[in-house]
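Derivation of every value follows stated rules applied to the coordinates shown; laboratory data play no part. Quick caveat, the model's predicted, so the values are computed rather than measured. As a convention, Cβ positions derive from the backbone with ideal geometry for all residues, glycine included, and neighbour counts pool all protein chains shown.
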């Protein structure tokens, strides 16, 4: 089974040289720590920067330089800063090659819910709806089950949707799955996790074909 | 031409109960601190505020929320403010949550004379309820209307008497877009300079969009999430 860092490490293997990548808040943010050596990847933060760098050294924080999670950051050499309309033009116009975000629920048709629990929690969608509606390549990074032990991979989302038919791949603490027209297709198992465990933790349609390899992280 | 006003009180003159305001900033980054303080003091109420976030409990727009001066918020993300969540869940505060990219584009459209546009963001979700849907290039899009405001209040790094503005870092965010969409746009700047001192090649907001400008004081520039790394050697 993977921890959050493990999920981030596995997703980092999907990165390709020259890609512009938007990372959401939470597990996705950790991916920046595991970019394979030799790959040049430019991170976008939707509040308005391309070329987001690591956190600043203590004492060098700048209130005027933050990411979409409101965390202080640095700018890499060659970074660019722009307004929010330009930022979402990059997203809507499909100039960003990969979007990774977290989710509360994903359905086996690619629907995603991650912004609202009616009557309980309303934080807002931020940029998530724009990202999932436009990005070609969307990976969801999340735990396979919620804190109550219930599956987050469903046949239909129960929470208000963030986007429809948009998620292409999911990496959880248990597995890597592709979203296909026939449901979740199991691609890899996390180290030490059996197909049966994944089946038990998946409420939506799960396709298991042949031997499922264990992932290398 | 001289758009400089002598004080923040003069800058916000004419903002009345029930008006619609746009306020620049993302989180607490690039917010018009001086104008927000003056609005709190003025006691103006029943405001509709268009702003990406709603501040935190004791800073930014949170200060106006605490005094119940805001009737309605139009935002994309409000997760940092407990008082906001309380007022919204109890029904005291009207809230229109809209996708961040659509919010930015709706402000820009309002300033640019584009009454509405189609976007894929929010299709199939509750954001799309009651909105026209059309298929372009095989993909469904929803019709989003432009936003304008009685007053737009923005914060810039440097500005001149003509209202030309330059922003610093990610404090730019929504500020240039909202500057375009105010019937009256107020710019508060950290440094007010003479025309000619700012390189015209690097102006972010041309002065035509700004009606009033003043140099702000005592910027706190609070950091919401201070994240650092330590030097290893």
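Among A:194, B:75, the order by Cβ neighbours within 10 angstrom, fewest to most, reads A:194, B:75. If you run the Gaussian network model on chain B, springs between alpha carbon atoms under 10 Å, then out of B:207, B:24, B:182 the most flexible one is B:207. Does segment A:1-120 classify as rounded, prolate or oblate by the C-alpha gyration tensor (a ≥ b ≥ c root eigenvalues; a/c under 1.5 gives rounded; else a/b over b/c gives prolate, otherwise oblate)? Rounded, since a/c falls under 1.5. By DSSP, the beta bridges lying fully in the protein assembly as shown are antiparallel in about 40 percent of cases. Shape of chain B from the C-alpha gyration tensor: rounded (a/c under 1.5, with a ≥ b ≥ c the square roots of its eigenvalues). Ranking of A:142, A:125 by neighbouring Cβ atoms within 10 Å, starting from the fewest: A:142, A:125.
Axis of helix B:100-112 versus longest Cα principal axis of chain B: the two differ by about 60°, to the nearest ten degrees. Largest GNM mean-square fluctuation across B:122, B:159, B:60, computed for chain B with C-alpha springs under 10 Å, falls on B:122. Secondary structure note: in segment A:123-192, about 75% of the DSSP beta bridges are antiparallel. Exposure proxy ranking for A:10, B:134, A:92, based on other Cβ atoms within 10 angstrom of each Cβ and starting from the fewest, stands as B:134, A:92, A:10.
Each principal axis of the Cα cloud of segment A:1-65 was evaluated for its coordinate range; sorted largest first, these ranges are 37, 27, 21 Å. Principal-axis analysis of the Cα atoms of chain B puts helix B:33-42 at an angle of about 80° to the longest axis. For residue A:4 and residue B:161, a Förster radius of 45 Å and the Cβ-Cβ distance give a FRET efficiency of 0.30, rounded to the nearest 0.05.
Where both bridge residues fall in chain B, DSSP classifies roughly 30% of the beta bridges as antiparallel.
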